[in-house]
Each structure stands twice: as C-alpha cells, then as structure tokens.
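Data block below; observations after.
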Amino acid sequence: MTKHQLIGAEVSLYTGKLRCYLQYKNIPFEEIVASQDVFKNVILPRTGVSYIPIFITDEDNALQDTTEIIDALETRYKEQPVYPATPKQNLVSLLLETYGDEWLVIPAMHYRWNKPENREFAIGEFGRTSAPQASQDEQLAIGAETAKPFAGALPRLGVISEAVPAIEESYLALLAELDTHFAQHPFLLGTKPCMGDFGLIGPLYAHLYRDPYSGRLMEQHAPNVVAWVKRMIDPTPLSGEFLANDDVPDTLLPVLQRMLNEQGTVLKQTIDQVANWAKENDSNTIERVIGKSFFTIEDTNVSRLTFPYMQWMWQRCYDFYHAQSDKADIKKMLSSVNGFEDLLNYPVQNRIKRVNNKMEVER
C-alpha cells in the first residue's frame, strides 16, 4: 500500500509543524529529505514553488502549505479533531496559529542567523539536507550557499541590529508567559493539541529549541515550554481532550495581548495595502511582497516588508469571528485584551485566496 509522503527537513520550521500534526493524528507517512535532487525532480515539478514541506497523499496528490494540508487531512482523519468545536477555544486556536506561523518567525530567524553557534549549526544542517551523500566539507560549502537567502531575509522581517534588544526582550517575555501557562496545562487548551499548538511548535521547535544556543536559552528560562515541546514532537497519538465548557485559560491572555501589540498593526496595514494593490493593478495574482509595514516591539519602532499571505491566515480568524451569531462570550473573553475586538472588526476589503500555490486577490 502506498504511504503518504512528507517531504521536508528537520531544520525546517513548517516541516516541524506538519510532522507534529501527523504524529498526533497517527497518520501513516514516510518522511523524505528535501535534498537538492528532490527539489529539482519532485517539489518544483509537482507544486511550481520551492517551499517545504510538501505532502504527497497516498492517492498521489501533491499539497503545499501546512494549513491547507492539515485542513485536507482533517476531512479524512476525523478522530480527535484539532479544531475545537466551541467558539472561544477555536478563535483562540486560530489566533495563535496565525501568531506562531506569521510572527514568531521574527525571533526564530533572529536567533538562528544572528547567533554564531546557531548559524554554524544551521549551515551544517542545510548542507546535510541538500546533499546527504556529499563529504562534510562539501556539505558545509553547500550549506553556506543555501543559507544565504534565509540569512539575508532578516531585514525583510524587521530583524535589524537596532531592533535586536527589543526582539530578545519580547521573546524572553513570551517564554515566561508560555511557561506560566504550560505549568498548569499540557497544551494550549487542555490535554490535546489544537491548531494553535501546531502554529507555535514550528518556530519554537525547529529553530528555537533545536538550534543549540536558543535551545539552552529555552531550557534555562522556560522548562515548562521545553516539556510542551517534547510532548508535541513525541505525542501520545489521538489522546486527550479540550477543556470543558469552552474554557480559555486566563494564562493565555497575556500571549494574545503580546500578539495584538506587535502583530495587530501589521495586520491592519496588510489589509489596507492589499486593497490599495487591488485598485492599482489589473492582475489578480499578487506578489509575495507588496510594500512596507511598521510596528512597535518593546517600545522600539521597526519596519518590515508586507506579506499578503499574512492576510490569508488572518482571514481564518476574521471569518470565524464574524460567522458567530452570538459573540457575547468571545467579547467577554477578549475584553481584557486591549484592542483585539477593534482588530477583529477591521474590515477586510479585498480577500486573498490561494490558487495553485500562488496568492490571488479577490475583487
């Protein structure tokens, strides 16, 4: 019988997210390393893009994008769904997936490429992944070349030297907040992982735990986060339950406030810039980058490029919130998170959709 195939790499943030999901759901799969040959002969021909992971189903359908892959698999493997069935929990889960996927890439990339020990480790990992049969010296040379676009992407994300102290301060504060939560709960919303857990595990495992410098930092500052990481990467399949009565622990509210304070303004600017792009361009296919956004992190003002994909992720939160006929409990939950209701009511003028692994704008 043909197995599903996960094509990715241990060093890859989003591969880590999808692998944890597959293991928790007890979905049988074969993992294939995304070497240079695999990129050339499988990934590019099958998807048209050069991103990992990709997932090839046992019916030989090639899927790209972890959120869409998980959504497709959730319709097939229905036991122990990772989307909570209740409104407060599901909204929080969607919010934290968006935060992990689209915002925690900032500390993840900073610690990987600005800390020499992590950088050296990652270059070795890139080389072994790209050319598993090559000699160690060849792998290091290949890894250094392969790493250039990733290391060079830091300013695009807002990771510049002036912002580094603020990025590290915010990350350590986030670790403290998560450590407080995971001291009381095995996962975000109970004794099983939700989509928010899978959004957070990508950066917090593949970069921030697995890379040596940041791994020691996590062990020193957040032992309960380390314990959660270990539960996520070696789960008891199909076990646990979400908290009863749609309960969302108060320990998650500081994390949501941090998300709002840092990412919220970028989400609004992205929505506005997508709308402006739609007015100024006839094409429906929108570029991966369309402008510049500004945000504040620990009182430091920073700029970064604007990625329409972030709006696509946000639309999941926005749509779910606006689909609720009775928002009273959600509003009560978020009343102590200053500014979140305003963000959720910020109108999405031109929607983003994914078509053949590319982004398109709806008019």
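The values are calculated or read from the model by the stated rules, or taken from the named source; none is laboratory data. No experiment lies behind these values; they were computed from the predicted model shown. All Cβ positions, even for glycine, are placed from backbone atoms using ideal geometry, and neighbour counts span all protein chains on display.
Remarks
- Evaluating residue 279 against the criteria (1) surrounded by 20 or more Cβ atoms within 10 Å (Cβ to Cβ); (2) without any contact (Cβ under 8 Å) to a residue 12 or more places away in the chain leaves one unmet condition, (1).
- Region 346-361: number of residues that are loosely packed, with under 11 Cβ neighbours inside 10 Å and either assigned to a loop (DSSP other than H, G, I, E, B) or in contact with a Lys or Arg (Cβ under 6 Å, 6 or more places away or on another chain) (or both): 2
- Residue match in region 87-104 (condition: touching a Leu at 6+ places or on another chain (Cβ under 7 Å) and among the aromatic types (Phe, Trp, Tyr)): no
- Residue within region 221-230 that is closer than 23 Å to residue 27 by Cβ, among the β-branched types (Val, Ile, Thr), buried (at least 22 other Cβ atoms within 10 Å of the Cβ) and free of Cβ contacts under 8 Å to residues at least 40 places away in the same chain present: yes
- One residue stands out in region 117-146 among those that are outside any helix (DSSP H, G or I) and of a type in the set (S, T, N, Q): the one that is surrounded by the most Cβ atoms within 10 Å (Cβ to Cβ), namely 135.
- Sole exception among (1) assigned by TED's automatic domain parsing to the domain that holds residue 154; (2) in a strand (DSSP E or B) for residue 296, by number: (1)
Yes or no, residue by residue, for (1) surrounded by fewer than 23 Cβ atoms within 10 Å (Cβ to Cβ); (2) basic (Lys, Arg); (3) at pLDDT 95 or above:
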{"position": "16", "(1), (2), (3)": "no, no, yes"}
{"position": "19", "(1), (2), (3)": "no, yes, yes"}
{"position": "23", "(1), (2), (3)": "yes, no, yes"}
{"position": "31", "(1), (2), (3)": "yes, no, yes"}
{"position": "39", "(1), (2), (3)": "yes, no, no"}
{"position": "50", "(1), (2), (3)": "yes, no, no"}
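- Residues that are assigned to a helix (DSSP H, G or I) and among the polar types (S, T, N, Q) within region 165-211 comprise 170, 180, listed in sequence order.
- The residues on offer are 274, 302, 289, 337, and the sole one that is under 30 Å from residue 50 (Cα atoms), modelled with pLDDT of 95 or more, part of a loop (DSSP other than H, G, I, E, B) and not assigned by TED's automatic domain parsing to the domain that holds residue 159 is 289.
- Pairs are defined by a Cβ separation below 9 Å, a sequence spacing of at least 6 or placement on different chains, a first member in region 104-122 that is assigned by TED's automatic domain parsing to the domain that holds residue 260, and a second member that is surrounded by 18 or more Cβ atoms within 10 Å (Cβ to Cβ) and at pLDDT 95 or above; no pair meets this definition.
- Residues (in a helix (DSSP H, G or I) and charged (D, E, K, R)) located in region 307-330: 316, 319, 329
- Checking each residue in region 335-363 for being farther than 21 Å from residue 323 by Cα and touching a Pro at 6+ places or on another chain (Cβ under 7 Å) picks out only 359.
- Flag if residue 295 is crowded, with 21+ Cβ neighbours inside 10 Å and touching an Asp or Glu at 6+ places or on another chain (Cβ under 8 Å): yes
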